[in-house]
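Since every read-out is calculated from the coordinates, none of them should be taken as a lab result. A quick note: this is a predicted structure, and the numbers were derived from the prediction, not measured. Here Cβ is always computed from backbone atoms with ideal geometry, including for glycine, and neighbour counts include all displayed protein chains.
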Amino acid sequence: MLKVLDHLEEWLIAFLMGAATLVIFGAVVHRYASGIPWPPLQDWLLTINMSWAQELCIFMFVWMCKFGAAYGVRTGIHVGVDLLVNRLPADWRRKGILVALTCGTAFTGIIGTLGLRFVWEDGMHYAVFTALGLATGDLPLGPTTQDLDWPTWIIYSAVPLGSYLMCFRFMQVMWGFVRTGELPHHDSARVEGLSDVDHTFDSIAAPGVAK
């Protein structure tokens, strides 16, 4: 189950990064190509509305950052200042790390809860009641985004979802540390998915070079 969650997390981040890059590239090409003084091309490009591209990219980067932060906790790639902790005796070092992980868990849990409350009041309440066929009464429909006209509660859902996932990752790291005494550590020389590939110089030696 955790492997599935890990892959979903990675796929979502990769998709958002790739999609945002393509949208930005398309918008830039469209903007510059629209200035080419060739009437057939220019008239056709001006009929294409790309005003939504910037807003969409901002939303995708927000989602990417929230879930990327959770990924960073799981893999240990977040920057940390551990000079003082590493100078402590082993027992105190263990306690200091547990305190830090507990604070991270509590903080992200609080942010997730506050974010969920905000999203619920921003229009999610109305959307859920409408989907279930319940009376909405005086519940507000909620605002929408300026260019895409999407409900803002969907965009802001990145805050509770990403924060709760990050909270879960902190608890996961804490449990692993209690069991093994080890923290996730990112190896900058290792590429995910290529750990079993031999990257020695001998394996890529030019033809004709003696091994």
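Tabulated results
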item	result
Rounded if a/c under 1.5, otherwise prolate or oblate - the chain, Cα gyration tensor axes	oblate
Scattering profile of the stretch 1-121 at q = 0.10, 0.12, 0.14, 0.18 Å⁻¹ [log10 I(q)/I(0), Debye over alpha-carbon scatterers]	-0.56, -0.70, -0.84, -1.06
Theoretical FRET efficiency, 1/(1+(r/R0)^6), r = Cβ-Cβ of Val85 and Leu139, R0 45 Å, to 0.05	0.40
Amide N of the stretch 98-130 lying under 18 Å from the label point, which is placed 7 angstrom from the Cα of Ala69 along Cα→Cβ	100-120
Cα gyration tensor shape for the stretch 108-151, rounded if a/c is under 1.5, else prolate or oblate	oblate
